[in-house]
1. Just to check your reading of the model, which residue among GLU25, GLU71 is within 15 Å of MET113 (Cβ to Cβ) and of a type in the set (D, E, K, R)?
2. For residues that are under 14 Å from ILE50 (Cα atoms) and outside any helix (DSSP H, G or I), tally how many sit in region 89-124.
3. When the residues of region 56-72 are narrowed to those that are in a loop (DSSP other than H, G, I, E, B) and more than 18 Å from ILE105 (Cβ to Cβ), which ends up least open to solvent (accessible area, probe 1.4 Å)?
4. Within region 17-41, work out how many residues are without any contact (Cβ under 8 Å) to a residue 12 or more places away in the chain, touching a Ser or Thr at 6+ places or on another chain (Cβ under 9 Å) and under 21 Å from LYS103 (Cβ atoms).
5. All but one of (1) modelled with pLDDT of 95 or more; (2) within 21 Å of TRP18 (Cβ to Cβ); (3) open to solvent by 50 Å² or more (accessible area, probe 1.4 Å); (4) of a type in the set (A, V, I, L, M) hold for ILE80, so report the exception by its number.
6. Scanning for something farther than 20 Å from THR16 by Cα and open to solvent by less than 50 Å² (accessible area, probe 1.4 Å), does region 47-55 turn up at least one residue?
7. Taking region 28-46 on its own, how many of its residues are more than 24 Å from ALA118 (Cα to Cα), assigned to a helix (DSSP H, G or I) and open to solvent by 70 Å² or more (accessible area, probe 1.4 Å)?
8. Of the residues ARG44, ARG77, only one is among the charged types (D, E, K, R) and free of Cβ contacts under 8 Å to residues at least 24 places away in the same chain; which?
Amino acid sequence: PCCRSNVQAVVSTQSTGWCNDKLAEKGKTSSFSSFKDSSLGNSRTIVDLIDAISPGYINYDLVTAAGTDDEKFLNARYAITMARKIGARIFALPEDITEVNPKMIMTVFACLMSVGFAKDQQKK
């Protein structure tokens, strides 16, 4: 049990680092500190990461300001749909994102990282 939490902490740190680096590399202003970060509930960071991995797929006219719970839900649903469209196998539900369920959000980012790594390898 002790080692498991250490491994999870390392994976979490590496994942957030990769995601934030990818966002910054593509000129995105969004970022997050952990999978518990409340800012992830509006889905903007996920949408930006999808756009950073696969430019041109995201229609930002469909991304709401996320001022209400309904708008956050719409953003989460759109993020999941677009993540699947670029090839990520997403098992999370929109509620997992809007309610900031850290374990499920981690799976979303892990799947996006996998797609990002695959695209980076194709470029080489």
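The values are calculated or read from the model by the stated rules, or taken from the named source; none is laboratory data. On a predicted model such as this, the values are computed, not experimentally measured, just so you know. Neighbour counts are summed over all protein chains in view; Cβ atoms, including those assigned to glycine, are modelled from backbone coordinates with ideal geometry. When the accessible area is computed, the model is the full protein with side chains, heavy atoms only, and any ligands, DNA or RNA have been set aside. Shrake-Rupley method; radii C 1.70, N 1.55, O 1.52, S 1.80 Å.
1. Details: GLU71 fails: within 15 Å of MET113 (Cβ to Cβ).
Every option except GLU25 fails the conditions.
2. So the answer is 2.
3. ILE58
4. 1
5. (3)
6. no
7. So the answer is 1.
8. Numbers: ARG44 fails: free of Cβ contacts under 8 Å to residues at least 24 places away in the same chain.
Result of the check over ARG44, ARG77: ARG77.
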